[in-house]
Amino acid sequence: APAGLSVEALRGRQLFSEFGCAACHRVAGTDAQDISGPDLTHVGSRRSLGAGILPNTRATLIGWIADSQSIKPNNRMPTYRSLKADELNALAS
């Protein structure tokens, strides 16, 4: 496991793979190398999400992961309303 990652972030990395996020997204230095969705490398350091429509906060990232369609209809990301709070928090980590 990469040094410096919290238990929650490690769980998020596992869920990212399990839930199929890597089938669309790229994250440098991981097995996630698809480019059909946005590159999420360093997403935590960005100022905005959703092509600039949201400030990049933990709360907005969680909301985006859970249901990006209610925020930006017709984007290519499916909704994940069935995720539990701890799963959303882990993914946001």
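Things to note:
- Within the stretch 38-61, residues that are free of Cβ contacts under 8 Å to residues at least 40 places away in the same chain and over 14 Å from His25 (Cβ atoms) have Cβ atoms under 9 Å from residues that are open to solvent by 80 Å² or more (accessible area, probe 1.4 Å) and not in a strand (DSSP E or B) in these pairs: Ala51/Pro38; Pro55/Arg47; Asn56/Ser45; Asn56/Arg46; Asn56/Arg47, counting only partners at least 6 apart in sequence or on another chain.
- Selection within the stretch 1-39: residues that are charged (D, E, K, R) and more than 16 Å from Arg76 (Cβ to Cβ). The member of this set that is nearest to the chain's Cα centre (by Cα) is Arg13.
- The stretch 48-63, residues that are assigned to a helix (DSSP H, G or I) and either loosely packed, with under 12 Cβ neighbours inside 10 Å or basic (Lys, Arg) (or both): Arg58, Ala59
- Residues satisfying the stated conditions in the stretch 64-93, i.e. open to solvent by 30 Å² or more (accessible area, probe 1.4 Å), part of a helix (DSSP H, G or I) and farther than 15 Å from Gln14 by Cβ: Trp64, Gln69, Ser70, Ile71, Ala85
- Arg47 under 21 Å from Asn75 (Cα atoms) and over 14 Å from the mean Cα position of the chain (by Cα): yes
- Scanning the stretch 3-29 for residues that are loosely packed, with under 12 Cβ neighbours inside 10 Å, in contact with a Ser or Thr (Cβ under 7 Å, 6 or more places away or on another chain) and free of Cβ contacts under 8 Å to residues at least 40 places away in the same chain yields one hit, Ala28.
- In the set (1) closer than 25 Å to Gly4 by Cβ; (2) over 12 Å from the mean Cα position of the chain (by Cα), the condition left unmet by Arg58 is number (2).
- Under the condition of being open to solvent by 90 Å² or more (accessible area, probe 1.4 Å) and assigned to a helix (DSSP H, G or I), the residues counted in the stretch 30-47 number 1.
The values are calculated or read from the model by the stated rules, or taken from the named source; none is laboratory data. Note that the coordinates shown come from a computational prediction; the quantities given were computed from them, not determined experimentally. Glycine also receives a Cβ, built like all others from the backbone with ideal geometry; neighbour counts cover every protein chain displayed. Accessible surface areas use protein heavy atoms only, side chains included; no ligands, DNA or RNA. Shrake-Rupley method; radii C 1.70, N 1.55, O 1.52, S 1.80 Å.
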